[in-house]
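Computed from the coordinates by the stated procedures, all read-outs in this text should not be read as laboratory data. Remember, it's a predicted structure, so these values are computed and weren't measured experimentally. Here the Cβ positions follow ideal geometry from the backbone for every residue, glycine too, while neighbour counts run over all protein chains shown.
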Amino acid sequence: MAVAGLASGCLSSNTTSTNNASAAAGAGKSTVEVMYGFGNEQETGFQTDIKKFAAANGITIKFTKAASWDTEINARVAGGSPPDVGLFPQPGLMCDLAKQNKLIPYDDATVATDKATLVPGLVAAGTCADGKVYGLPSEVSVKSLLWYDQAAYKAAGVQVPTTLDELLSVTAQLKAAGKTPWCIAAESGNATGWPITDWIEDLVLRIAGPDNYDKWVKGTLKFNSPEIKPAFEYFQKIAFTDGNVRGGTKSIVATNFQTGGNALFTQPPGCYLFKQATFIAAKGGFPDSVVAALDTTAGVTAFPAKEAGNNPVEVGGDIAAAFNNDANTLKVRNFIASKENGTEAGKAGSLSPHTTFDASLYPNATIRKIATDVLYKATAARFDGSDSMPARVGAGTFWTEPTKWISGQEDLDTALNNIDASFPKTAG
């Protein structure tokens, strides 16, 4: 596959994917640029891990942090100077660039090695329409989580739900006892609505199943199809029932996603259940006092399965891809995605997608539980659906139409039909 727009200094004689092996065997560039969009402790741990590998292999790493990943990576590619390695938070954007022949696929041997230890289903996240694997995950965030206050939940006398039916039952029990079962929060400025996509994606993954989830993400199953619509209807049972949600249904889109679960920990509790990804348990999420005593304060469990024992997991994360087939570029990319990477990042709380990772390295019992009891026990994992859909849907109508539905501006069928109408006709 010819690759256009490579950075200067790439191996001009090795511009096809079939030459990956020979490129990797020869001498590579001395400096490899790695571009990403994450920060804080994750960034520090990531850099430490990659620097150690690079030093051992005689490579210098240039780290470039993007403040706005989509904007900056597209500008770099359009200008003919992409980084050597990119860490994509959205597989959809990655596959768009792969379709333009801007990326180098992984060789079969590397894919097979990584697949042996990756959580089942994660290789598919970086597999594009041509069937080639252009990206493999370097770290993941688990989205399929329910949070609660340990003491308050125990005092309420209800069980931790393990199935979707039990979740409805627990919701009804809490409400019958005069308590508000849920905090649900979807406000995120210009991105308001994205937390609802996580709800729907988890429900599609369970109710429709992983195979139908894949068809839905590709656009071959419509939002208003009999396979997908039940996920929205289940969410409606929880979010649209009077007394179920703190502040009422319409408050959901006005409640900030980062602080919306803090009412779990007030006295008396403002709610008893909150769905949010791993990040909520770090600084900037739950109140500092909760984060400081996380293991004894916050409870966490897997978002319930359709039936016990069948536990699919939705994740987000960063997928490593190469913009050229320079030998050292491929070495760095392959290491980033390998089971050998992530020691220092793991100590900072980043979850390795490899089930062989030493969970004792994670910084607290809560993160270890998420890794060992949720992520590594998953029967199937799927990457965030909205991040994998075309941008006009995944970062467009899939945000805005449910927001209108929740706000009472339109009914469910109208919202779903509008999303379907926005899906590119060439999808799939």
At a threshold of 8 angstrom on Cα-Cα distance, excluding pairs fewer than six apart, so keeping six or more, what relative contact order does the stretch 310-399 reach in percent?
36
Count of Lys pairs (Cα-Cα under 18 Å; at least 8 positions apart or interchain) in the stretch 203-273:
4
Return the long-range amide H neighbours of A381 (sequence gap of 5 or more, or a different chain), with a cut-off of under 5 Å between placed amide H atoms.
G121, L122, V313
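Mind checking the stretch 347-406 for trypsin sites (Lys or Arg not before Pro) that DSSP puts in a loop (not H, G, I, E or B) and that have at most 15 other Cβ atoms within 10 Å? All intermediate terms of the calculation are to be shown ahead of the outcome.
Working: sites: K347, R368, K369, K377, R382, R392, K404; in loops: K377.
When the trypsin sites (Lys or Arg not before Pro) of the stretch 347-406 are filtered for loop state and at most 15 Cβ neighbours within 10 Å, K377 remain.
Please tell me the relative contact order of the stretch 203-327 in percent, rounded to the nearest whole number, where contacts are Cα pairs under 8 Å and at least six residues apart. Walk me through the numbers before you get to the answer.
Details: 76 pairs, mean separation 23.9, N = 125.
Relative contact order of the stretch 203-327: 19 percent.
Based on DSSP H runs of at least 4 residues, each adding -39500 (n - 2.57), what is the mean residue ellipticity at 222 nm of the chain after dividing by all its residues, to the nearest 500 deg cm²/dmol?
So the helix-based figure for the chain works out to -10000 deg cm²/dmol.
Compute the relative contact order of the stretch 347-428 as a whole-number percentage, counting only Cα pairs closer than 8 Å that sit 6 or more residues apart in sequence. Could you put the intermediate results ahead of the total?
Working: 48 pairs, mean separation 15.5, N = 82.
In percent, rounded to a whole number, it is 19.
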More than 37 angstrom separation, counting every C-alpha pair in the chain; what % is that?
24
R246 neighbourhood, Cβ < 14 Å, K/R = +1, D/E = -1, net charge +1
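Largest first and in whole Å, give the semi-axes of the stretch 115-272's equivalent ellipsoid, each being the square root of 5 times a Cα gyration tensor eigenvalue. Present the calculation step by step, with values, prior to reporting the outcome.
Working: eigenvalues 198, 62, 53 Å².
The equivalent ellipsoid of the stretch 115-272 has semi-axes of 31, 18, 16 Å.
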On the formula 1/(1 + (r/R0)^6), with r taken between the Cβ atoms of Q409 and K283 and R0 of 56 Å, the FRET efficiency rounded to 0.05 is 0.95
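If you keep only loop residues by DSSP, which GluC sites (Glu not before Pro) in the stretch 211-309 have at most 14 other Cβ atoms within 10 Å of their Cβ?
Numbers: sites: E227, E233, E307; in loops: E227, E307.
Here the sparse-neighbourhood loop sites are E307.
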Dipole of the stretch 47-129, positive end: most advanced residue of I59, P120, T110 [Cβ charges, Cα centre]:
I59
How high is the FRET efficiency from D130 to A67, r the C-beta distance, R0 22 Å, rounded to 0.05?
0.10
Segment T162-K306, length gained on full extension (0.36 nm per residue, minus Cα span)
51.0 nm
Running a GNM on the chain with Cα contacts under 10 Å, which residue among P230, P89, P268 ends up with the highest mean-square fluctuation?
P268
Residue (of T355, V34, W182) at the positive-pole extreme of the chain, dipole from beta-carbon charges
V34
Run the dipole for the chain about the Cα centre, Lys and Arg Cβ at +1, Asp and Glu Cβ at -1, nothing else charged, and hand back the magnitude in debye, nearest 20.
200
Cα centroid separation - the stretch 377-400 against the stretch 70-141, whole Å
16
